[in-house]
C-alpha cells in the first residue's frame, strides 16, 4: 500500500508537467462529426390475421401475402357466403409520408369468363376494405370500378400497427343469386412512401 501512495503523486505530477510543456506551442482544432438518416418507410413484419371469419391468411411476407376465402359458396345453393378478415402489419415511416391503398380489379373478379345459357348469376364479388394507420383511415368500396384507390398525406413520422379489414357481405352483393363457378381474385395494394 505504501508503494501505491508514492506512485499516485508521481503520475499526477507527470501529467501536469506534460500539460505545461504543451502550453507554449498550442494549436487548436476541432473535428465535426455528422450523419443523416434517410427517409424510410418499411413493413417491419409480415401480416398476421388478428381476426377472421371464413377467410384465412395462407401466406405472408413483408412484400406479398395471400388471403383465401375458405368456403366461397354454400354448396347446396351456390350462393355466396359472407367472409371477413383483419390483418395487422407492423410498419415504420421515419418521416412525413404518403399512404396509398388501392384495388387493382375493383372487386373479386372472375379469373376466366364463361357464358350463361339462362338465368341470373353473380359473376363478380363486391367487398369493402379499410386501412388504418396512425390517425389515418382509408377505405375502398370495391364494386366493380377498376383501379379503385385512395391516398393521404401524413405530416409526421409513425411506427406501429397498420390494420387492414376486408369484408364480403350481403350489403354489397345479392346473396339470393347463385355465384358462377370459377376462380375470383383481386389484389389490394398498400403503400407507404416518404414524401420527397
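Against the chain, whose longest principal axis is taken from its Cα atoms, helix 2-22 shows a tilt of about 90°. Ranked by the mean number of other Cβ atoms within 10 Å of their residues, highest first, the peptides 84-95, 166-177 fall in the order 84-95, 166-177.
Mean sequence separation of contacting Cα pairs (under 8 Å, at least six apart), scaled by the length of the chain, corresponds to a relative contact order of 25 percent. Inter-label distance, residue 153 to residue 175: 4.3 nm, where each label sits 7 Å from its Cα along the C-beta direction. Annotation for residue 50 and residue 37: the two label points, set 7 Å from Cα along the Cα-Cβ direction, are 2.4 nm apart. Each label point was placed 7 Å from the Cα along the Cα-to-Cβ direction; for residue 117 and residue 74 their separation is 2.5 nm.
I want to make sure I understand the PRE zone here: with the label point 7 angstrom from the Cα of residue 136 toward its beta carbon, which residues in the stretch 38-74 have backbone N atoms less than 16 Å away? Within reach of a label on residue 136, which here means backbone N under 16 Å from a point 7 Å along Cα→Cβ, the stretch 38-74 contributes 39-44. May I ask for the distance between the Cα centers of the stretch 35-78 and the stretch 91-153, given as a whole number of Å? That distance is 14 Å.
Since every read-out is calculated from the coordinates, none of them should be taken as a lab result. Worth saying up front: this structure is predicted, and the values here are computed from it rather than measured. FYI the Cβ positions are ideal-geometry reconstructions off the backbone, even for glycines, and counts take in every protein chain you see.
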